[in-house]
Amino acid sequence: MIIPIKGNTVGSRHYLSDAYLAGFLDGDGSVVATLERYHSKRFPYRVRIKVNFTQHARHKDKLLLMQETLGGYGVTRTNARKNLAELVIQERSEVQAVLVRLVPFLLIKKDQANLALEVLKGMESNEKHKPSTLSKRAYIRILLLVQKIRALNSHTGGKRTIRVFDPVTTEFPEKTGMKTGLSSPVRRKPLARTRVKV
């Protein structure tokens, strides 16, 4: 999709293409995976994927134009203290639509975007405002993907340890090199608490 807009140089016209938006995300945006405390008997944390576009507050109108180009997804807000404006997209279906659209053109954040799409795919069976239908194994796999995203984002991953359930058998071999705290593969034992660093 290409949206024509009036440029900021005399007599010029610029275009908001998907390639341009992807370049903006690469340079002044982020693909973030966060964990939020979740009062559930099954899983202690809810995973949320966010796509952020950030710019100086004086360019908020440009972010609004990007929001329109992306289908009106997300919310645009201003941090007056930091003089920053931000377009935040966090609804699952909207994040998925934006990432699928921009991934072909991403360079710097392509890995984060692809991992985020894997997380969203793993959460497809888990409907909002309904009891979780994820298996414990699927939940841990999602947490490992979150760990990878956080590690790619300025090496923030692996600094936070959370407790989760260990599945009866696990498909994650020890040779992956991940700091997961998971048991050896195909080791059968009763469900027990384990720790995952994210």
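The values are calculated or read from the model by the stated rules, or taken from the named source; none is laboratory data. These numbers come from a predicted model, not from an experiment. Glycine gets a Cβ as well: all are built from the backbone with ideal geometry, and neighbour counts include every protein chain shown.
In the stretch 1-55, of all residues being at pLDDT 85 or above and aromatic (Phe, Trp, Tyr), the one that is surrounded by the fewest Cβ atoms within 10 Å (Cβ to Cβ) corresponds to Tyr20. Under the condition of being under 23 Å from Glu118 (Cβ atoms) and part of a loop (DSSP other than H, G, I, E, B), the residues counted in the stretch 27-85 number 9. So for the stretch 60-77 (the condition being under 18 Å from Asn153 (Cα atoms), buried (at least 16 other Cβ atoms within 10 Å of the Cβ) and of a type in the set (D, E, K, R)), does at least one residue qualify? No, there is no match, as no residue in the stretch 60-77 is under 18 Å from Asn153 (Cα atoms), buried (at least 16 other Cβ atoms within 10 Å of the Cβ) and of a type in the set (D, E, K, R).
For the stretch 110-166, taking the residues that are more than 12 Å from Phe43 (Cβ to Cβ) and in a strand (DSSP E or B), the one that is modelled with the highest pLDDT is identified as Thr161. Total residues in the stretch 41-74 satisfying the condition of being in contact (Cβ under 8 Å) with a residue 60 or more places away in the chain and basic (Lys, Arg): the figure is 1. Within the stretch 81-126, the set of residues being of a type in the set (S, T, N, Q), surrounded by fewer than 22 Cβ atoms within 10 Å (Cβ to Cβ) and closer than 16 Å to Leu152 by Cα comprises Asn114 only.
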